[in-house]
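Okay, structure first, notes after.
The values are calculated or read from the model by the stated rules, or taken from the named source; none is laboratory data. Small disclaimer: the values here were computed from a predicted structure and weren't measured. Note: ideal-geometry Cβ built from the backbone for every residue, glycine included; neighbour counts use all protein chains shown.
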Amino acid sequence: MIRAQDVSVRLGEREVLSGVGLHVRRGEWTAVIGPNGAGKSTLLKALMGLVRHRGEILLDSRPAATLKPRARARLVAYAPQAPALPPEMTVFDYALLGRTPYIPYLGRESAHDREVTESVLDRLDLGELAMRRVGELSGGERQRVVLARALAQEAPVLLLDEPTTALDLGHQQQVLELVDRLRRADGLTVVTTLHDLTVAGLYADALLLLAGGRAVAAGEPSQVLTEEAVGRHFDAHVKIEPGPDGRPVVHLVRGGP
Amino acid sequence: MVTRARPSRARPLWVACALGVLAASMLAGLLDGAADISPWQVVLQVADWLPFGHVDSGLAPVEQGLLFELRLPRVLVAAVVGGLLAVAGAAYQGVFRNPLADPYLLGAAAGAGLATTAAIVLLPSSAASIPLAAFVGALGGVFLAYTLGNTAGRAGGTATLVLAGVAVTSFLTAIQTFVQQFNVEELQRVYAWILGDVGGGWEQLWLVLPYAAVSSVVLLLHGRMLDVLSVGDEEAAGLGVRAARVRFTVLLAASLATAAAVAVSGLIGFVGIVVPHVVRRLAGGSYRIVLPLSLIGGAAFLVLADLVARTVLAPAELPIGVVTMFVGAPFFVGVLRMTRRAVT
Ligand SMILES: Nc1ncnc2c1ncn2[C@@H]1O[C@H](COP(=O)(O)OP(=O)(O)OP(=O)(O)O)[C@@H](O)[C@H]1O
Ligand SMILES: [Mg+2]
């Protein structure tokens, strides 16, 4: 579904990504991990066509560069790490923005667009908040509203940049489970950046470890999440054990490094 | 059960209320404190003017003539200009994602000011050249700022556009001041123009109407798009919208509206900022609400401002631009206080 080869991005004077490859099959979940500033968000933006990049990106076997903006938006939905939330807008209006690629340029939304938005809000526990203003929400509520907008887009590819950083444990699980269900039921292809390595290993089929703008490891969670790799690239002292389902669990070790 | 969520839109009730206020203001504008004419007679007279048949208002031909030749065009010009400035202001605020943007942000005022000053100085006897000069000057100022902003920065970025507007404004204003210094005897006329006047008669109305119609239709159609722009260019792109294109179209229409308003009425301040804000406070922040209600509310506001301008010092007239600021500022503060919200 996504095939990116040799993607490089220059921002200003700096080479932020160099020669990164990513291959995600339909219905798969890949988590992009790496320390702050590694280029994770930039990689998602490149996939979304929001930054100038070199290298080739295929979305659904079509060169991404040739897709028209609306067609691309129907194919890929993106929830940014630091979204701009217009404080005066209602939660419903904001989530409804996700339907933009389906609404004619000067037209208005259809009943179907409203239904989709409503059901997404309900699924994210936001039904009660629908008529509240976005500026009045808590951090976690905001994050779910942004996710709602992305889900309302009903695109087969979902790019989520840190979708759970502000969420409490229960909502974190709820959001990740929801994405996982959608992926299984509708065959969504998911790419998320995640800082919680255990969570990344728990939900993703594959991990891509970025460091300094390069892909330094990729593959199944148990192959990528090694004490050695995490220690080196995150500069952290950790202990990694297989959890009950065999997936790696990352523990911080006190006193290091 | 929670109330069913609905997308924001100008609800018929709100539109009806706004139209009611507008109709009442226009009626008051037509009456203008004349003791011998009753409101009902004016209503009848208006019905008589409409092309559906004859209604006897009982007004003398002289009174009819006064209403038709002087007050009616004046009220209508005030309404059209007020509506245009308010809707253009709202559009500028949407495009620049800045609630303090006004229709003169991109050099329209400075361009019109310079061109009009030049027209007054170079063609002192031809009053007819002023609207044309103001119109061309306003569009010229915006064009200059837009081109400058787009060549200096990232295509269509808003920050550089605003800065270009600032640069163009001070540059053109400097030239205007320079020209004025050498033609002090014309200063009075330049200032009279700057402070605004909607008493130009039917001619002015026909001048402004085509531009008013086209630009307001285009702007009203872009309400949803301005909502999309409010999440920023990058996220708008993620939703399949080319922000720079939307911005160009909206700026074009809003600048046309501004130029048309400036051409017939000079530089009337405050309408473009106050009215959209009052609407936002009272009815909601979505541009699908703000644009149509600003159009109607701006019309009502300027009709009333003109009424004040004509009556407080009668028979002398205050410049309407002075009234909009003098009345507008406290009114604005009042609305802000009334709708005060906990701001963090
Ligand atoms: N517009 C820009 N101009 C120059 N450098 C930039 C720009 N945007 C990001 N960078 C740099 O690019 C690098 C990668 O940024 P990116 O946002 O992709 O990191 P990240 O992996 O998402 O980090 P985090 O975990 O903190 O979100 C950083 O060093 C950042 O400083
Ligand atoms: Mg990031």
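Taking the conditions exactly as written (within 11 Å of chain B (Cβ to nearest Cβ) and more than 16 Å from ligand 1 (Cβ to nearest atom)), does A:Q172 satisfy them or not? Taking the combined requirement at face value, the residue does not satisfy it.
Every condition in (1) assigned to a helix (DSSP H, G or I); (2) in contact with a Phe, Trp or Tyr (Cβ under 8 Å, 6 or more places away or on another chain); (3) within 13 Å of ligand 1 (Cβ to nearest atom) is met by A:R74 except one, and the failing one is (3). Annotation: A:L106 fulfils all but one of (1) over 20 Å from the mean Cα position of the chain (by Cα); (2) free of Cβ contacts under 8 Å to residues at least 24 places away in the same chain; (3) more than 7 Å from chain B (Cβ to nearest Cβ); the unmet one is (3).
Results for (1) at pLDDT 95 or above; (2) under 12 Å from A:A215 (Cα atoms); (3) within 15 Å of ligand 1 (Cβ to nearest atom); (4) acidic (D, E), shown as yes or no for each residue.
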residue	(1), (2), (3), (4)
A:Q5	no, yes, no, no
A:V9	yes, no, yes, no
A:E13	no, no, yes, yes
A:L17	yes, yes, yes, no
A:I33	yes, yes, yes, no
A:A38	yes, yes, yes, no
A:T42	yes, no, yes, no
A:M48	no, no, yes, no
A:V51	no, no, yes, no
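For B:I289, state whether it is β-branched (V, I, T), in contact with a Leu (Cβ under 9 Å, 6 or more places away or on another chain) and in a helix (DSSP H, G or I). Spelling it out, it is not the case that B:I289 is β-branched (V, I, T), in contact with a Leu (Cβ under 9 Å, 6 or more places away or on another chain) and in a helix (DSSP H, G or I). Just a yes or no: is a residue in the stretch B:204-212 among the β-branched types (V, I, T) and within 12 Å of chain A (Cβ to nearest Cβ)? Within the stretch B:204-212, not a single residue is among the β-branched types (V, I, T) and within 12 Å of chain A (Cβ to nearest Cβ). Note on the stretch A:175-201: among residues that are of a type in the set (A, V, I, L, M), within 16 Å of ligand 1 (Cβ to nearest atom) and farther than 28 Å from A:R62 by Cβ, the one that is surrounded by the most Cβ atoms within 10 Å (Cβ to Cβ) is A:A200.
The set of residues in the stretch A:65-103 that are over 25 Å from B:V217 (Cα atoms), facing chain B (nearest Cβ under 7 Å) and among the aliphatic types (A, V, I, L, M) comprises A:A73, A:A84.
Restricting B:G298, B:G269 to those that are within 30 Å of B:L70 (Cβ to Cβ), away from chain A (no Cβ under 14 Å) and part of a loop (DSSP other than H, G, I, E, B) reduces the list to B:G269. A:T192 falls short of the stated requirement of being in contact (Cβ under 8 Å) with a residue 40 or more places away in the chain, in a helix (DSSP H, G or I), of a type in the set (S, T, Y) and within 26 Å of A:T42 (Cα to Cα). Within the stretch A:227-243, the set of residues being within 17 Å of A:L210 (Cβ to Cβ) and surrounded by 15 or more Cβ atoms within 10 Å (Cβ to Cβ) comprises A:A229, A:V230, A:G231, A:H233, A:F234, A:A236. Of all the residues in the stretch A:77-91, those that are touching a residue at least 12 places away in the same chain (Cβ under 8 Å), within 16 Å of ligand 1 (Cβ to nearest atom) and surrounded by fewer than 24 Cβ atoms within 10 Å (Cβ to Cβ) number 3.
Taking the listed residues A:A166, A:A152, the one that is of a type in the set (G, A, S) and at pLDDT 95 or above is A:A152, with no other qualifying.
Summed over the stretch A:177-189, the residues that are under 11 Å from the mean Cα position of the chain (by Cα) and in a helix (DSSP H, G or I) give a count of 1. Remark: pairs (first residue in the stretch A:32-51, within 14 Å of chain B (Cβ to nearest Cβ); second residue near ligand 2 (Cβ under 8 Å from one of its atoms) and acidic (D, E); Cβ separation under 6 Å; 6+ apart in sequence or on different chains) = A:S41/A:D161; A:L44/A:D161.
For B:L144, the test of being modelled with pLDDT under 90 and either assigned to a helix (DSSP H, G or I) or over 24 Å from B:I268 (Cβ atoms) (or both) is failed.
Count of the stretch B:241-251 residues, restricted to those that are surrounded by 22 or more Cβ atoms within 10 Å (Cβ to Cβ) and facing another protein chain (nearest Cβ under 7 Å), is 1.
Conditions (1) away from ligand 2 (no atom under 16 Å from the Cβ); (2) within 17 Å of the chain's Cα centre (by Cα), marked per residue:
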{"site": "A:R26", "(1), (2)": "yes, yes"}
{"site": "A:A46", "(1), (2)": "no, yes"}
{"site": "A:G49", "(1), (2)": "yes, yes"}
{"site": "A:R52", "(1), (2)": "yes, no"}
{"site": "A:P87", "(1), (2)": "yes, no"}
{"site": "A:L97", "(1), (2)": "yes, no"}
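Filter the stretch A:150-169 down to residues that are more than 14 Å from every other protein chain (Cβ to nearest Cβ) and within 16 Å of ligand 2 (Cβ to nearest atom) and give me whichever is farthest from the chain's Cα centre (by Cα). Checking each candidate, the answer is A:A166. The residue that is modelled with the lowest pLDDT, counting only those in the stretch B:1-15 that are assigned to a helix (DSSP H, G or I) and either surrounded by 10 or more Cβ atoms within 10 Å (Cβ to Cβ) or at the interface with chain A (Cβ under 7 Å from one of its Cβ atoms) (or both), is B:W14. Per the listing B:A260, B:A236, B:A254, the residue uniquely closer than 23 Å to A:P86 by Cα, buried (at least 22 other Cβ atoms within 10 Å of the Cβ) and under 11 Å from the mean Cα position of the chain (by Cα) is B:A254. Scanning the stretch A:64-82 for residues that are within 16 Å of ligand 2 (Cβ to nearest atom) and over 14 Å from A:L188 (Cα atoms) returns A:A79, A:P80, A:Q81, A:A82.
Results for (1) part of a loop (DSSP other than H, G, I, E, B); (2) in contact with a strand residue (DSSP E or B) (Cβ under 8 Å, 6 or more places away or on another chain); (3) surrounded by 23 or more Cβ atoms within 10 Å (Cβ to Cβ), shown as yes or no for each residue.
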{"position": "B:G137", "(1), (2), (3)": "no, no, yes"}
{"position": "B:L172", "(1), (2), (3)": "no, no, yes"}
{"position": "B:G196", "(1), (2), (3)": "yes, no, yes"}
{"position": "B:L205", "(1), (2), (3)": "no, no, no"}
{"position": "B:V208", "(1), (2), (3)": "no, no, yes"}
{"position": "B:D227", "(1), (2), (3)": "no, no, yes"}
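Out of all the residues in the stretch A:116-149, which are at the interface with chain B (Cβ under 9 Å from one of its Cβ atoms), small (G, A, S) and either assigned to a helix (DSSP H, G or I) or surrounded by fewer than 22 Cβ atoms within 10 Å (Cβ to Cβ) (or both)? Matches in the stretch A:116-149: A:G127, A:G135. If the condition is being under 19 Å from B:H277 (Cα atoms) and within 17 Å of the chain's Cα centre (by Cα), then the stretch B:308-340 contributes B:G321, B:V323, B:T324, B:M325, B:F326, B:V327, B:G328, B:A329, B:F332.
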